[in-house]
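Following: one structure in structure tokens, then a few remarks.
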Amino acid sequence: MVSLFVFIAAAITVTLIYIYYYERKRYEKFYLKNIRTNLKNRIGVNYKTVFGPHDIILTEPNAEAKFKYPNIELVEEINTYYFFKMKTGERFIVPKSAIQDSQEFNQIISRLSKDYNIQLYQELNWKWR
């Protein structure tokens, strides 16, 4: 009777571990496919980002977008990127490698945080799991 209980417990444990890793890979595959399908025209496109006195101007080869500073809800910083989250839910990403003067950029972010009450969130040790 004890061996049956041990066998069932071991089988359940192995099944749960397998499902955990399978689901993780499945979700990763699903989201990568979704991103490649829906954002294929935006991936790899070089944007020019200008931080003006009252807004951020994003310029790409055939479009231009302006984001007013009060519409920024959150600025997240990880070790290689900045993520700007808008109140509408949109986000745009600024790679740190594309920033020409990082000190000036950090001053701009600090000023925005102070002047427009934008939350700053830093997680410099973040890793993709």
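The values are calculated or read from the model by the stated rules, or taken from the named source; none is laboratory data. A quick note: this is a predicted structure, and the numbers were derived from the prediction, not measured. For neighbour counting, all protein chains shown are included, and Cβ atoms are generated from backbone atoms with ideal geometry for every residue, glycine included.
In table form, for the structure just shown:
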| quantity | calculated |
| --- | --- |
| Residue in segment 29-39 that is loosely packed, with under 10 Cβ neighbours inside 10 Å, part of a loop (DSSP other than H, G, I, E, B) and modelled with pLDDT under 90 present | no |
| Among the residues listed as Phe84, Phe67, Phe92, the single one being outside any helix (DSSP H, G or I), more than 17 Å from the chain's Cα centre (by Cα) and either in contact (Cβ under 8 Å) with a residue 60 or more places away in the chain or under 19 Å from Asn46 (Cα atoms) (or both) | Phe67 |
| Sole exception among (1) assigned to a helix (DSSP H, G or I); (2) surrounded by fewer than 10 Cβ atoms within 10 Å (Cβ to Cβ) for Asn46, by number | (1) |
| Any hit, segment 107-118, residues being modelled with pLDDT of 90 or more and part of a loop (DSSP other than H, G, I, E, B) | yes |
| Top-ranked residue in segment 95-129 [being in contact with a helix residue (DSSP H, G or I) (Cβ under 7 Å, 6 or more places away or on another chain) and touching a residue at least 24 places away in the same chain (Cβ under 8 Å); ranked as nearest to Ile72 (Cα to Cα)] | Ile118 |
